[in-house]
Amino acid sequence: MQRQMCWLSKSGDDGEKILHLQTSPGQPWRPYTAFPQFSVPDYQIPGGSKGWATYQKLLKVGWTLVPSARANEFSDNFAESIVQY
């Protein structure tokens with residue numbers, strides 16, 4: 001099973017990015033906080049990235065980091081394929 005991570009903005013715009021996870025292909029990207037079984041508490045650093053500690057943990061156990069542009073492209077293509085059916 002290919003598990004992936006990506007840094008995406010919370011609201012879909014160019015705002016603050018947080019770590020999102022995808023547990024299997026075809027599944028939607030969801031914030032790391034939606035996966036208590038994988039996430040760890042954030043570092044208590046003012047202005048620190050949300051999900052950085054989780055990113056470090058998952059990278060060590062083999063999760064793949066996907067560029068934001070590629071994740072957004074996949075989401076758009078997936079949504080279009082659903083609409084066509």
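The values are calculated or read from the model by the stated rules, or taken from the named source; none is laboratory data. Given the structure is predicted, the values throughout are model-derived calculations rather than measurements. Cβ coordinates were reconstructed from backbone atoms using ideal geometry, including for glycine residues, and neighbour counts include every protein chain displayed. Side chains included, ligands, DNA and RNA excluded: accessible areas come from the protein's heavy atoms. Shrake-Rupley method; radii C 1.70, N 1.55, O 1.52, S 1.80 Å.
Here are the numbers for the structure shown:
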{"read-out": "Largest to smallest accessible area among T33, T23, T54, T64 [probe 1.4 Å]", "value": "T33, T64, T23, T54"}
{"read-out": "Förster-model FRET efficiency, 25 Å R0, S9 and K60, C-beta, rounded to 0.05", "value": "0.50"}
{"read-out": "Solvent exposure ordering (accessible area, 1.4 Å, most first) of D42, D14", "value": "D14, D42"}
